[in-house]
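All remarks here apply to the structure that follows.
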4 protein chains.
Amino acid sequence: MPRPTKVNVTIVGASGYSGEELTRLVLRHPELELAAVTSRQTAGQKLNDVFQALPRKTDLVFTSPEIPDLIKTADVFMLALPHGVAAGFAEPLVAAGKKVFDLSADFRLRSADVYKEFYGQDHPAPALLEKAVYGSPEWHKAEIKSAQLVACPGCYPTSILLPTLPLIKAGVIVHDRIIADSMSGVSGAGRKADIDFLFVECNESLRAYSVPKHRHLSEIEQELNFRLSGTYSSPSDASIKISFTPHLVPVNRGIHTTLYFDLDPMFIERSKLTGCEKAISAIYQETYANEPFVRLLTNGKLPDTKNVMGSNFIEIAWRFDARTNRLIVLSAIDNIVKGASGQAIQALNIMYGWDETTGLH
Amino acid sequence: MPRPTKVNVTIVGASGYSGEELTRLVLRHPELELAAVTSRQTAGQKLNDVFQALPRKTDLVFTSPEIPDLIKTADVFMLALPHGVAAGFAEPLVAAGKKVFDLSADFRLRSADVYKEFYGQDHPAPALLEKAVYGSPEWHKAEIKSAQLVACPGCYPTSILLPTLPLIKAGVIVHDRIIADSMSGVSGAGRKADIDFLFVECNESLRAYSVPKHRHLSEIEQELNFRLSGTYSSPSDASIKISFTPHLVPVNRGIHTTLYFDLDPMFIERSKLTGCEKAISAIYQETYANEPFVRLLTNGKLPDTKNVMGSNFIEIAWRFDARTNRLIVLSAIDNIVKGASGQAIQALNIMYGWDETTGLH
Amino acid sequence: MPRPTKVNVTIVGASGYSGEELTRLVLRHPELELAAVTSRQTAGQKLNDVFQALPRKTDLVFTSPEIPDLIKTADVFMLALPHGVAAGFAEPLVAAGKKVFDLSADFRLRSADVYKEFYGQDHPAPALLEKAVYGSPEWHKAEIKSAQLVACPGCYPTSILLPTLPLIKAGVIVHDRIIADSMSGVSGAGRKADIDFLFVECNESLRAYSVPKHRHLSEIEQELNFRLSGTYSSPSDASIKISFTPHLVPVNRGIHTTLYFDLDPMFIERSKLTGCEKAISAIYQETYANEPFVRLLTNGKLPDTKNVMGSNFIEIAWRFDARTNRLIVLSAIDNIVKGASGQAIQALNIMYGWDETTGLH
Amino acid sequence: MPRPTKVNVTIVGASGYSGEELTRLVLRHPELELAAVTSRQTAGQKLNDVFQALPRKTDLVFTSPEIPDLIKTADVFMLALPHGVAAGFAEPLVAAGKKVFDLSADFRLRSADVYKEFYGQDHPAPALLEKAVYGSPEWHKAEIKSAQLVACPGCYPTSILLPTLPLIKAGVIVHDRIIADSMSGVSGAGRKADIDFLFVECNESLRAYSVPKHRHLSEIEQELNFRLSGTYSSPSDASIKISFTPHLVPVNRGIHTTLYFDLDPMFIERSKLTGCEKAISAIYQETYANEPFVRLLTNGKLPDTKNVMGSNFIEIAWRFDARTNRLIVLSAIDNIVKGASGQAIQALNIMYGWDETTGLH
């Protein structure tokens, strides 16, 4: 039986950290062919010269991302571009019938108003918002399968939503008391010349930023409210508003999130016999038992970003604090893999019906 | 006028990170004479050979800490020993009329029961608990002045109490909703051979530990409740219980704490005109305006541990989140200086009536 | 045609960094089956609990490495044990006809005398020295193919020999003027509880060690002299003695080596027309053009350990300094992959006739 | 007796790492008054807002460095400006009779031709070259005392010259065989927005740069030849040319240098009785016994940058390799303190006749 033809993929805006990781993942993926890589900054340079660390030699040369030439290069396009810019590429590509995976924030929100509130500009392509699917493999599998435009989730949202959504769905937490405290490695700031992210400014430095209103709150709250109400209702009706503080810490890769939940008093009452921690375990096990990239830590350990570095896994653990009736849930991901490029490939695997782990181990 | 004689200081258990920092600080202090340094592990070795980085040469040699010889060496003793061990030295030293600054947890708690609950062993010298003063220069200045036994505060408690106590005192926060999320550098784990704290195990690693009940909760809650009620009441009456999660992150020095408070609705109402953030600013300014080591960030900046590294400062900033009616307060200290040895010297300066900053800039 | 059965591999002493990497590589290798993993420290624990970061779940549990039970577990044994200990396992395994890849130094030297000089103890199994092959895939391919006992090269030697051997072979450098200056990440020190390798002791620290006679000099000089003379002659005849200084620097992974060579005056004369740098390029190209894991940097770049991290590549670059007539050659490897476990798998691929890159991309 | 008036110091170009350290050192110096700080980038901002980590509050505001206003601000000027720019400030300041300490490379070389060769531009003020003194406190003390224009040595040169000059002076090494291999922390690259020095590009990265001809070779060779010949002879006569390779490693602060010397055969012969290492020790002891900032390691230890971090010390150790007749000498400094700002203050102390260590412990 002849091997089926590989699927052609073009990566647009490949010179950043997510773009580089996407390049690596596509090159190693048995079903994908890297058709083209674009970047205005590195146009004309060989892929292997720009990314010395790639696993193998290719003949590819960075090109400048000019529509309509770009459209012809592939069937699948992965956009690793800044928000606001990505939408401009997505429009003609979607119009031409291409599959588009956008790693920016441009299509994550259902509401152009919320986009404007959090990103400070009018949405560049509001007509496409309805078409886009929030590309969380664990929570929107069916929609991804039939999507043409996938909005890949943000890194912080991934680390927060995966531990929180099962609790929302199970109705065991007090909705207006959610607090998320995250630490991120510096690759989250992107590969751009900025004094704030110089080695000397970040090494031996621990600091919070974007307090109290980081942009990612918009998609986190959207997805929490969607899971609560079952619809992408108007944001003004949204009942869940959370506190979220991101911190910058001196590692290259990784996001660690600590979540504080007030358990619903009735759930605590109900769980008296088994214990709250066990009852929570059951919820997580039921939700994620068959998910290939969710590692529930039931062996007494806590998440550690070094255990997920370079991989598409998320680690989740939970502890009940009987002194305060609070549940503490902790998660760890690689912000560039599960938090960006790996999760995008996982969604692509779902869309094409391949095993979800293809090319990701 | 002849220069008054210097005060003799002996450091007991000097071979760890806090002991080394104490040694440096005492050597640089214009009013102090380093009389002796003890350490079982390094007994017989020259001080300058063990601590190559000291600012100057001394003739001192590490000795083994044997009572009663030890007692004769100085008037002031600083104990940089593990909890449980420190008390055994404090007893004869206090009995002999010496001034004792204990950097361990042995005398921080007023209740031997709470000590047992959190440290898992009977208190080794419960009779001394009444004599001890919690050595927070900003909050127990008068007691320190007349104390003989000073229990120097823990590192996490320092980073949490200084931002929280003014709010408790002012009565503007909901007491049972306090959440403290901290990150600490690895020196907090001490200089001991332990695989968990090897470079390779900590570098590129972000992880929580001691969830949900870290030992430092005991002194944090004691001091919060003391400030609330005005007495060291029985712990069972204590109305404040907080959530606290420490995280280990790959820096040598520094603790960064992010605190989440629910503001009292009446305070929010009262502050409508000025705004909550300004009203909170007023509280902090009033409390700390004359404190030489509290740096209130009113210039739009957020605390960063690199700005306090090697110094006795604490940086504090605050933001009101109108979306959730929460107040986010952030702090940064050097865990070994303000969180341990520097704060001890500051307390000693207070006790002897010197300028609080002597030897600390 | 039925898929041939996989080859069973047992890893002995798997709880260190090289052992963990071996475990990962064997689990991902399409032709290998991980039969057993042993470790006295972690015996009885699940493989996935000890190494949380493995790419997939296995049923394996660490066992205690007891001969003769051990012998039955597999056809191939990889020993990730300390020197001195490894030989004790190799003897019965070799006697039982097993293939053995030893990652320790026990079988790298042809001379038991040199072993004693550099390792300070009598060789534990001198009779096996003749049987062992120095497992450098690029320089002993034929011997590896037919070997039963492969002594996998040390990390520093790999980073030094690969750039130096082509120049020795080509006869273009002055033999008694070779200087090798290396920097290594802390994983090179192994996963053992030792204060010297604590995070705080290594972070923000740059230091040399084992000056001037590091153990790895023995195998480096053996292989250089072998390439020069064509035989493993008596060490006393060896004409090449080099200077080598290793440095410990705060990274997890990676060795960077800078080599200083005096070019042979006749070679400089001969190369006047093309230039020395081009003439050297020709030598490297000729030697390594077909080697899948040698990346010759001809694009103006210099080696960087971050470009080889987690991979089996070595990067090599060279510069001629016309001011001093010296040639500077630089290399970078991942000490745990190309410098240990990856190179072992590469040798195993050669032995079994598989593509050399199998399981290594 | 009234306290003598403090000396006014203005720092020009204070917004980089050396400028910040100078600011800290001047603020802590008992004899100095910080008169003004200038920086085009931060003009108008408060000193304490830009450098949050300063030890105390000041009223100073950054000004724009405009001659002639600048001239009036102080008696001493410290220039922390890029090479090429510094000379433009030095000229009018020197003409106005001010004392100038230039931390750039502009006045380190006696020859404008060598400047052009290594810095790629005509010297901007060649007439001043004769007036300038190379500000190495240990080697040009007398000249510094009477100088008006002090060219503060570069960071790498400091780490190389201090260990090498005693050996040149004693005539015990082969002059044309000197090799210097250095590692530097990232602060050496300055505080400028450049992708190459982002945290993610430097962390977990080890790499060489400027191979084989770094600019600092010019001043290193000038000073070595001066010490050899006794005059700043024409560079074409210079008999010493060295190999020097700088490496960038992921620490904030610190330079570690490893030097390889071939000992003069007659010296080896002469030292047969005492041993070469002891004979070398005598040379270093004789040279540096009274130098307050040279720490000769005679206790079996090797230099470690963490032992000099934040201090003005240089650590030096040496080992004789009888296998190769080479001497290995190692040194460690803080590149921003002893390698820049601290050494400048030390020179200023000498010029004003204060104790050399004033303000530096």
Problem set entry | Karplus 3J(HN,Hα) series, Hz, for the range A:202-207 with 6.51 cos²θ - 1.76 cosθ + 1.60 (x for Gly, Pro) | 9, 5, 6, 10, 10, 7
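Please compute the Kirkwood hydrodynamic radius over the protein assembly as shown, one decimal place, Å, based on all pairs of different Cα atoms. Before the final figure, lay out each step's value.
Details: mean 1/r = 0.0293 Å⁻¹.
It works out to 34.1 Å.
If you take the beta carbon distance between D:Lys57 and C:Ala282 as r and set R0 to 45 Å, what does 1/(1 + (r/R0)^6) give as a FRET efficiency, to the nearest 0.05? Display every interim value, and only then the final one.
Numbers: r = 65 Å, r/R0 = 1.44.
Between D:Lys57 and C:Ala282 the formula returns 0.10.
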For this session: Take C:Glu356, B:Glu277 and order them by how many other Cβ atoms sit within 10 Å, fewest up front.
Result: B:Glu277, C:Glu356
For this session: Give the percent of DSSP beta bridges with both residues in the range A:156-334 that are antiparallel, rounded to the nearest 5.
Result: 75 percent
Exercise. So what is the relative contact order for chain D, in percent, with contacts set as C-alpha pairs under 8 Å and at least six apart?
Worked result: 17 percent
For this session: Give, in whole angstrom and from largest to smallest, the semi-axes √(5λ) of the equivalent ellipsoid of the range B:156-334, with λ running over the eigenvalues of the Cα gyration tensor.
Result: 29, 20, 15
For this session: Taking the dipole about the Cα centre of chain D, with the C-beta of Lys and Arg at +1 and of Asp and Glu at -1, give me whichever of D:Ile314, D:Ala132, D:Ala193 is farthest to the positive side.
Result: D:Ile314
Exercise. Roughly speaking, what % of Cα-Cα pairs in the range A:258-361 are separated by over 20 Å, rounded to a whole number?
Worked result: 47 percent
Exercise. Rounded, prolate or oblate: which fits the range B:1-101 when a ≥ b ≥ c are the square roots of the eigenvalues of the alpha-carbon gyration tensor, with rounded for a/c under 1.5 and prolate only if a/b beats b/c?
Worked result: oblate
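Compute the FRET efficiency between D:Glu130 and A:Val85 as 1/(1 + (r/R0)^6), taking r as their Cβ-Cβ distance and R0 = 51 Å, and round to the nearest 0.05. Walk me through the intermediate numbers first.
Details: r = 57 Å, r/R0 = 1.11.
Efficiency at R0 = 51 Å is approximately 0.35.
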Seminar exercise, completed: Restricting to lysines and to Cα separations under 20 Å from A:Lys98, and discarding same-chain partners fewer than 8 apart, the set is A:Lys6, A:Lys72, A:Lys131, A:Lys141, A:Lys145
For this session: Give a quick list of trypsin sites (Lys or Arg not before Pro) in the range B:276-361 that DSSP marks as loop, anything other than H, G, I, E or B, with at most 16 other Cβ atoms within 10 Å.
Result: B:Lys301, B:Arg323
Exercise. By counting other Cβ atoms within 10 Å of each Cβ, how are A:Met309, D:Met78 ranked from fewest to most?
Worked result: A:Met309, D:Met78
Exercise. Between copies, how close do the B:Asp122 label points come, placed 7 Å along Cα→Cβ, listed in nm from shortest?
Worked result: 5.6, 7.8, 8.9
Exercise. To the nearest 20 debye, what is the magnitude of the charge dipole of chain B about its Cα centre, counting +1 on the Cβ of each Lys and Arg and -1 on the Cβ of each Asp and Glu?
Worked result: 580 debye
Exercise. Taking a ≥ b ≥ c as the square roots of the eigenvalues of the Cα gyration tensor of the range A:62-210, is the shape rounded (a/c under 1.5), prolate (a/b larger than b/c) or oblate?
Worked result: oblate
Problem set entry | Beta bridges by DSSP in the protein assembly as shown, antiparallel share as percent, to the nearest 5 | 50 percent
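Per-residue ellipticity at 222 nm for chain A, helices alone: DSSP H runs ≥ 4 residues times -39500 (n - 2.57), over residue total, nearest 500 deg cm²/dmol?
That calculation yields -8000 deg cm²/dmol at 222 nm.
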Problem set entry | In Hz, Karplus ³J(HN,Hα) per residue of the range A:146-157 (6.51, -1.76, 1.60; θ = phi - 60°; x = Gly, Pro) | 10, 7, 10, 10, 10, 8, 6, x, x, 6, 4, x
Problem set entry | Interatomic Cα distance distribution for chain C, bins of 20 angstrom, percent | 30, 58, 12, 0
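Calculate the tail of P(r) for the range B:185-282: the fraction of all Cα-Cα distances greater than 18 Å, expressed in %. Could you put the intermediate results ahead of the total?
On the way: 3057 of 4753 pairs.
That tail contains 64 percent of the Cα-Cα pairs.
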For this session: Extending each Cα 7 Å along its Cβ direction at C:Arg215 and C:Ala322, get the distance between those two points in nm, one decimal.
Result: 4.6 nm
Exercise. Taking amide H positions as placed 1.01 Å from N in the peptide plane, with prolines and chain starts having none, which residues 5 or more places from D:Thr63, or on another chain, fall under 5 Å of its amide H?
Worked result: D:Val37, D:Thr38, D:Ser39, D:Gly44
Problem set entry | Within straight-line cross-link reach of D:Lys46, aspartates and glutamates at Cα separation under 20 Å, skipping those fewer than 8 residues along the same chain | A:Asp196, A:Glu201, B:Asp304, B:Glu315, D:Glu20, D:Glu21, D:Glu33, D:Asp59, D:Glu66, D:Asp69
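Let me spell out the model: positive unit charges on the Cβ of Lys and Arg, negative unit charges on the Cβ of Asp and Glu, origin at the Cα centre of the range D:156-334. What dipole size does that give, in debye rounded to 20? Present the calculation step by step, with values, prior to reporting the outcome.
Numbers: 19 positive and 20 negative charges, 46 e Å.
Here the size comes out at about 220 debye.
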Exercise. How far apart, in nm, are the 7 Å Cα→Cβ label points at B:Thr298 and A:Glu291?
Worked result: 4.7 nm
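Neighbour counts of other C-beta atoms within 10 Å: give me D:Ser281, A:Ser218, D:Ser234 arranged from fewest to most.
Details: D:Ser281 15, A:Ser218 22, D:Ser234 12.
Ascending number of Cβ neighbours within 10 Å: D:Ser234, D:Ser281, A:Ser218.
Quick check on chain A: of the DSSP beta bridges with both residues there, what percent are antiparallel, nearest 5%?
Values: 26 of 56 bridges.
Beta bridges within chain A, antiparallel portion: roughly 45 percent.
Values in this text are rule-based calculations from the coordinates and carry no lab data. Keep in mind it's a predicted model, so treat the numbers as computed, not measured. Backbone-built Cβ (ideal geometry, glycine too); neighbour counts: all protein chains shown.
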